[in-house]
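Single-structure report; data block below.
The values are calculated or read from the model by the stated rules, or taken from the named source; none is laboratory data. Note that the coordinates shown come from a computational prediction; the quantities given were computed from them, not determined experimentally. In this analysis, Cβ positions are derived from the backbone assuming ideal geometry, glycine residues included, and neighbour counts consider all displayed protein chains.
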Amino acid sequence: MDRRWRMLAIFGFLIFLFVLLAVRLTYLMLFAPVEKIRSIDRMRHLFAVTEGRRGNIYDCHGAALAVTVPTVEVGVDPKLAPMEVREEALIRLPEILRRPVPELENAVAVRCAVRPETRWIRLAEAVPEGIFQRISGARLNGIYGNRKFLRFYPQGSCACHLVGFVNRDGLACCGIERFADFFLRGQDGWILSEKDGRRRELCQFRAREVPSEDGYDVHLTIDLTVQRLAEEELARIDEECHPKSAIILIGEADTGKLLALACLPAYDPNFFYRTPMELLRNRAVCDCYEPGSVFKIVAISAGLEDGIVDPKSQFDCSSGQFVWQGKTYSLPKDHSAMGILDLPNVLRKSSNRGSAQVAIRLGSERFYSYVRAFGFGECSGYGFDGEVEGILRPPKQWDGLTITRMPMGHAIAVTPMQMHLAMGVIGSDGYLFAPRLVEKIVAPNGSPGADINSALDRPSVRRQVLSRRTVLRMRAMLYNPSDGRAGSWTFACKTGTAQKIVNGRYVHDRHVASCCGFFPAERPKFLVTVVVDSPETDGGTGWGARYAKPSFRRLAEKLSYSYLP
């Protein structure tokens, strides 16, 4: 009897369950609100994105400048982790996640209060895989992680303005990161499937899977060792004269390749969000300045190229007036009395009056055409980071003083990159190059992209500006025996000192000091540009020879010892 009643009880209970299930299904199919059905359907379906790994950035020797690191974003599902479970989990997690318990508890409580239906609350981001394995090993119910990639810059602030950064939303914002984003970014994949109540995939219901693809690796022409030399020199400049900013460019004289581009102040791209916006810009291509006397290479080389002057030509630099073809021109002052100078001494002693006389003999139109040919008034071809053209007005907009002031580096605004490449015309065989920064692009499987790299291997020559005869003459004049040597090699350079304009007027206590040149002087291999904006001078003049040339010389010596036979 007892057995019969037990069987009836079990049978009745099973009938009750089936009736209850039938009622529930009838309700869901016929009477449940449409929104509830849609919500259930959304929770059942699984659309998971598998993130493609972003390619790395390397220097010319394979040193990593930007890498992609796999990490885990750890969070809690409040529906699966009751309060007492969460409290136990939070007590055990802080020593792993390195966050205090009150902070974690507050994050969960606030989110649950605002959105009670939430199924995900982030506890920590960018958790290393090893630490996440410890979390998983603790078997904390409702605590799980989403794997994702983190962009990491192992060199810190080194080459920051070149490399740029990727923000927290995965968007490339500047530098090579943005310029080569098409190749660097991977292709995300996705999975369309179903999941159970514990958010686990039901693999048997997987409808479609598209695999992700990793991005290409980009190798730069930058040499990390040379880059560090440049940044160490910037640190020394900052310590000695506390400038507003400073830029150093180092490249190969005969190819247009950049070996270093360093700007002061710098920032750490790993913590870009802590950096003021004005520090993020690449000053080498975004900032303009009057170049001062270093610009005299344009007028003097143009005069040699056109044959209106030669190294033996004499110039009276004692007078403030110059008569040419019946017209009298007012000449600028020199920093000291110079008398009669030949052309090499006009350049070496940096005579404003001598260089103005060369430009006057050329004429406004012809001089302007050479200024344009040297690359001023147009973008250099750097290709990214908001490069500006500088300021160069056509002759029809010149006043009576422009033809005498522009040859000395006034009445024109240039970028450090433009001035660097203009000196490269003399450092090469008279060619103006576009700056080259990308050496090669390599596919994820390690094979170079043939079509991509064949395009990169195209000559970066923009135009020929000077003949080799003029180039050799200019090299001889830029070499000053009194400068000595850099190691066992000679070097050639030109300094510049330009007063800054404040509120529309030139001021006497703020200057841009610069030095641009190449070495060895006979067969140039390296091209170096140093620009120091507003060095502290105790009210004196911020001479390029005082605040920029020593840095040029130190860099020339270090590079000569390390890279020249």
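In this structure, is P535 without any contact (Cβ under 8 Å) to a residue 24 or more places away in the chain, in contact with a Cys (Cβ under 9 Å, 6 or more places away or on another chain), of a type outside the set (A, V, I, L, M) and not in a strand (DSSP E or B)?
Numbers: without any contact (Cβ under 8 Å) to a residue 24 or more places away in the chain: no; in contact with a Cys (Cβ under 9 Å, 6 or more places away or on another chain): yes; of a type outside the set (A, V, I, L, M): yes; not in a strand (DSSP E or B): yes.
No; evaluated as a whole, the condition is false for this residue.
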Exercise. Does the range 293-302 contain at least one residue that is under 39 Å from the mean Cα position of the chain (by Cα), assigned to a helix (DSSP H, G or I) and of a type in the set (S, T, Y)?
Worked result: yes
Problem set entry | Residues of the range 489-532 satisfying the condition of being out of contact with any Pro (no Cβ under 9 Å at 6 or more places or on another chain) and assigned to a loop (DSSP other than H, G, I, E, B) | N503, G504, P520, A521, E522, R523, P524, K525
Exercise. Here are some conditions: (1) free of Cβ contacts under 8 Å to residues at least 24 places away in the same chain; (2) closer than 22 Å to A498 by Cβ. M277 meets all but one. Which one does it not meet?
Worked result: (2)
Exercise. Can we say F272 is surrounded by fewer than 24 Cβ atoms within 10 Å (Cβ to Cβ), without any contact (Cβ under 8 Å) to a residue 60 or more places away in the chain and farther than 29 Å from G539 by Cβ?
Worked result: no
For this session: Return yes when G307 is surrounded by fewer than 19 Cβ atoms within 10 Å (Cβ to Cβ) and at pLDDT below 90 and no when it is not.
Result: no
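Taking P344, is it within 20 Å of M477 (Cβ to Cβ), assigned to a helix (DSSP H, G or I) and at pLDDT below 95? Working first, answer last.
Working: within 20 Å of M477 (Cβ to Cβ): yes; assigned to a helix (DSSP H, G or I): yes; at pLDDT below 95: yes.
In short, yes.
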For this session: Pairs only if they're at least six apart or on different chains, beta carbon under 6 angstrom, first in the range 471-494 and closer than 10 Å to E557 by Cα, second assigned to a helix (DSSP H, G or I); list them, first residue then second.
Result: A486/A556; A486/E557; A486/S560; G487/E557; G487/S560; G487/Y561; W489/S560; F491/A556
Exercise. Counting just the residues of the range 127-173 that are within 28 Å of L280 (Cβ to Cβ) and of a type in the set (K, R), which one comes out surrounded by the most Cβ atoms within 10 Å (Cβ to Cβ)?
Worked result: R151
For this session: Consider only pairs whose beta carbons are under 8 Å apart and that are at least six residues apart or on different chains; among these, list those whose first residue lies in the range 306-327 and is without any contact (Cβ under 8 Å) to a residue 12 or more places away in the chain and whose second residue is part of a loop (DSSP other than H, G, I, E, B).
Result: Q321/L331
For this session: Looking at (1) closer than 24 Å to S301 by Cα; (2) at pLDDT 90 or above; (3) touching a helix residue (DSSP H, G or I) at 6+ places or on another chain (Cβ under 8 Å), find the lone condition where E522 falls short.
Result: (2)
Exercise. Can you find even one residue in the range 373-387 that is buried (at least 16 other Cβ atoms within 10 Å of the Cβ), farther than 27 Å from H161 by Cβ and touching a residue at least 60 places away in the same chain (Cβ under 8 Å)?
Worked result: yes
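If you check H420 against the conditions, is it touching a Gly at 6+ places or on another chain (Cβ under 8 Å) and at pLDDT 95 or above?
yes
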For this session: Looking for whichever is at pLDDT 90 or above, exposed (fewer than 12 other Cβ atoms within 10 Å of the Cβ) and either basic (K, R) or touching a Gly at 6+ places or on another chain (Cβ under 9 Å) (or both) here; the options are R458, R473, R469, R462. Which one fits?
Result: R469
Problem set entry | Residue list for the range 280-325, restricted to those being in contact with a Ser or Thr (Cβ under 8 Å, 6 or more places away or on another chain) and charged (D, E, K, R) | R283, D287, K296, E305
Seminar exercise, completed: Pairs returned, first residue in the range 237-251 that is assigned by TED's automatic domain parsing to the domain that holds H511, second residue that is charged (D, E, K, R) and in a strand (DSSP E or B), beta-carbon separation under 8 angstrom, 6 or more apart or interchain, are P243/D533; K244/D533; S245/D533; A246/D533; G251/K257
Seminar exercise, completed: Note on M338: of the conditions (1) in a loop (DSSP other than H, G, I, E, B); (2) buried (at least 17 other Cβ atoms within 10 Å of the Cβ); (3) under 41 Å from the mean Cα position of the chain (by Cα), unmet is (3)
